[in-house]
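Some notes on the structure that comes next.
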Amino acid sequence: MTDSSSTALQALPAWKALQAHAPKLQAQHLRELFATDPQRGERLALDAVGIYLDYSKNRINDDTLRLLLSLAEATGVRERIDAMFRGERINTTEGRAVLHVALRAPRGAKILFDGADVVPGVHEVLDRMAGFAERVRGGAWLGHGGKRIRHIVNIGIGGSDLGPVMAYEALRHYSQRDLDVRFVSNVDGTDFAEAVQGIDAAETLFIIASKTFTTLETMTNAHSARDWLLSRLGGDASAVAKHFVALSTNAEAVSKFGIATDNMFGFWDWVGGRYSMDSAIGLSTMLAIGPEHFRAMLDGMHQMDEHFRLAPFERNLPVLMGLIGIWNSNFLGAHSVAVLPYEQYLKRFPAYLQQLTMESNGKRVRLDGAPIGVDTGPIYWGEPGTNGQHSFYQLIHQGTRLVPCDFIGFGRSLNPLGDHHDQLMANVFAQGEALAFGKTADELRAEGVAEALVPHKSFEGNRPSNTLLLDELTPAALGKLVALYEHIVFTQGAVWGLNCFDQWGVELGKALAQRIIPELGDANVALKHDSSTNTLIGRYRQLRRG
Ligand code: G6Q
């Protein structure tokens with residue numbers, strides 16, 4: 001997507017310089033870049049905060065990096081970072097500060113919002129969460145009938161679901177195995193029905209996770225959960241107090257629902273939904289892994305925050321990855337990024353990143369409302385390796401599209417089993433190598449491949465990737481990875497000059513659905529949509545009757 005007239009961003013000398021530079025790199029193959037610089041693989045790498053980033057397999061040279069760093073300077077990335085940490089209302093369309101970094105600030109640190117330090121309040125909630133988590137985990141918190149809690153069902157959607165699900169799956173190794181944690185997000189009744197399948201209401205705790213406590217899907221599921229519970233526990237409404245807790249900023253709506261504010265864990269409007277897995281929204285994670293591991297995750301995030309805030313841009317992991325992402329999207333024409341964790345526990349990490357990246361940077365106007373004029377947020381997608389290799393990697397290797405990849409691997413497996421881990425990691429290294437260097441027609445001929453098959457079997461290579469290596473998937477490591485991508489998003493949003501923290505694009509569909517709901521059940525309501533929507537609703541009215 002590009003607007004015909006040049007926009008403020010395109011008019012910047014730093015942007016123009018990159019545009020002028022791009023054809024040079026487009027004409028060069030990674031094979032040449034490596035051949036002419038034998039140290040490239042060691043040089044274009046960064047070891048910080050316990051993460052080793054190899055970015056040498058990107059189609060960049062030292063000039064590219066220099067020009068990208070100038071672009072960061074020209075677009076005020078430094079000022080934006082400082083403004084975020086200062087608690088300024090950088091989410092201008094909603095008039096809010098953006099202080100998820102305060103959620104992981106250590107006790108005693110000071111982060112001001114409107115002149116008041118927010119860190120003590122953060123720790124007060126964390127301490128309450130920890131006290132509650134210990135009682136549930138240790139069996140001191142009993143259900144209405146006196147049984148201990150065995151099942152936890154988190155009801156939430158979007159930012160109140162994707163982070164908690166991802167973190168629960170990622171840190172399952174550290175979880176208390178006799179506590180079973182489930183998640184309900186979709187308003188599709190199947191989601192709820194399957195989540196409570198076969199569990200005993202007397203042993204079940206529902207967590208209603210909703211910042212606003214007004215979200216249609218979550219409130220519908222929360223009411224169904226209350227009905228389900230009460231119908232199984234004899235209809236005594238006082239059971240709610242032992243089986244429901246709320247995570248929200250809306251105390252009034254929580255008590256209206258029937259959950260006492262004692263059973264509510266709060267957060268603040270300076271925490272965006274998709275940036276909230278480390279707030280009270282992370283209660284399911286804390287229940288699963290315990291307060292100590294949860295705090296270790298927060299510490300990992302904080303380490304990355306400090307690195308982002310303080311490291312010079314040329315040695316700053318999120319800034320470098322963010323800028324290289326801009327290079328791939330805006331100057332080499334890539335439309336997506338594949339995130340490929342070689343770690344089964346990170347199976348929901350790409351789905352989590354989809355919201356983080358695409359809801360944050362899927363925008364077409366700048367902060368002042370003017371069109372950005374260049375492509376913004378790439379499409380993030382992915383699956384854990386090696387499974388992806390047996391499905392969509394074909395397109396990444398030999399298709400016509402450029403798909404930059406982020407490979408994520410660990411030095412040690414949490415489940416060592418024979419030589420599985422070496423096999424897994426050999427595949428990480430092999431994929432990056434194959435993508436970058438490919439296989440030429442001459443190499444194939446030298447191997448005696450029949451001429452007719454040469455075009456089919458050759459790999460052009462020159463396909464960019466980053467490789468991230470960490471020691472082991474600990475809670476701290478997960479925290480570092482999450483904060484790394486949060487800050488990559490921030491860096492890119494700052495360069496594009498957009499607001500990473502609003503999501504107006506989800507509103508229209510929500511409003512139309514509200515209008516359509518009453519039309520579905522009543523065939524007498526005249527439909528005033530377009531002819532397609534009218535016909536679909538008409539068909540559905542017939543189908544729903546069965
Ligand atoms: C995230 C979005 C969105 C939000 C959900 C749930 O940044 O704002 O995904 O998290 O719509 O909202 P509630 O937590 O208010 O139910």
Of the listed pairs K110/K510; K147/K211; K16/K57; K110/K211, those with alpha carbons more than 32 Å apart are K110/K510
Under Stokes-Einstein, segment 270-429 at 10 °C and 1.306 mPa s, with its Kirkwood radius over C-alpha pairs, diffuses with a coefficient in µm²/s of 88 µm²/s
Expressed in angstrom and rounded, the centroid-to-centroid distance over alpha carbons for segment 415-481 and segment 521-546 is 51 Å
Computed for the chain: size of charge dipole around the Cα centre, +1 on C-beta of each Lys and Arg, -1 on C-beta of each Asp and Glu, debye to nearest 20, value 840 debye
To the nearest 10 degrees, the tilt of helix 13-26 (Cα long axis) against the first principal axis of the alpha carbons of the chain is 60 degrees
A student applying the Cα gyration tensor rule (rounded when a/c is under 1.5; otherwise prolate if a/b is larger than b/c, oblate if not) would label segment 354-463 oblate
Yeah, segment 53-103 with a ≥ b ≥ c from its alpha-carbon gyration tensor (a/c under 1.5 is rounded, else prolate when a/b outruns b/c, oblate otherwise) is prolate
Computed over segment 210-338, the relative contact order (Cα-Cα under 8 Å, seq sep at least six) in percent reads 16 percent
Any trypsin sites (Lys or Arg not before Pro) in segment 109-197 that lie in a DSSP loop and have at most 10 other Cβ atoms within 10 Å would be K110, R177
Protection proxy (average C-beta count within 10 Å per residue), highest first, orders 513-522, 380-389 as 380-389, 513-522
Eigenvalues of the alpha-carbon gyration tensor of the chain, times 5 and square-rooted, give semi-axes in Å, largest first, of 42, 27, 26
By the mean-Cβ-within-10 Å protection proxy, highest first, 317-324, 360-367, 416-423 rank as 317-324, 360-367, 416-423
So for R0 = 25 Å, FRET eff. of T212-Q10 from the Cβ-Cβ r, to 0.05, ends up at 0.10
Nearest-0.05 FRET efficiency for R107 and E292 at R0 = 25 Å, using Cβ-Cβ distance, is 0.95
Counting only DSSP beta bridges with both partners in the chain, the antiparallel fraction in percent, to the nearest 5, comes to 30 percent
Of 466-473, 307-314, ordering from highest average Cβ density within 10 Å down gives 466-473, 307-314
Longest principal axis of the chain (C-alpha) makes with the long axis of helix 119-138 (C-alpha) an angle, in degrees to the nearest 10, of 70 degrees
Net charge near V98 (other residues with Cβ under 11 Å of its Cβ; Lys, Arg +1; Asp, Glu -1) is -1
If one compares the long axis through the Cα atoms of helix 62-74 with the longest principal axis of the Cα atoms of the chain, the angle in degrees, nearest 10, works out at 50 degrees
Cα extents of segment 143-279 along the principal axes, largest first, in whole Å, come to 40, 37, 28
Pseudo-spin-label distance D375 to R401, built 7 Å along Cα→Cβ, given in nm, is 0.9 nm
Label model pair S238, E252: point-to-point distance (7 angstrom along the Cα→beta-carbon line) in nm is 3.0 nm
Taking the square root of 5λ for each eigenvalue of the C-alpha gyration tensor of segment 229-270, the equivalent ellipsoid has semi-axes, largest first and in whole angstrom, of 23, 8, 7
Dividing the mean separation of Cα pairs under 8 Å (6+ apart) by the residue count of the chain yields a relative contact order in percent of 19 percent
Note: R86 to F392 extended length (0.36 nm per residue) minus current alpha-carbon separation gives 105.9 nm
Note on segment 85-154: alpha-carbon gyration tensor, axes a ≥ b ≥ c; rule is a/c under 1.5 for rounded, else prolate if a/b larger than b/c, else oblate; result prolate
Taking only the alpha-carbon positions of segment 54-183 as identical scatterers, the Debye log10 I(q)/I(0) at q = 0.16, 0.17, 0.21, 0.22 Å⁻¹ comes out as -1.05, -1.09, -1.22, -1.25
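Here, each number is a calculation from the coordinates, and none is a lab measurement. Computed from a predicted structure; not experimentally measured. Cβ sites come from the backbone with ideal geometry, for glycine too, and all protein chains shown count toward neighbours.
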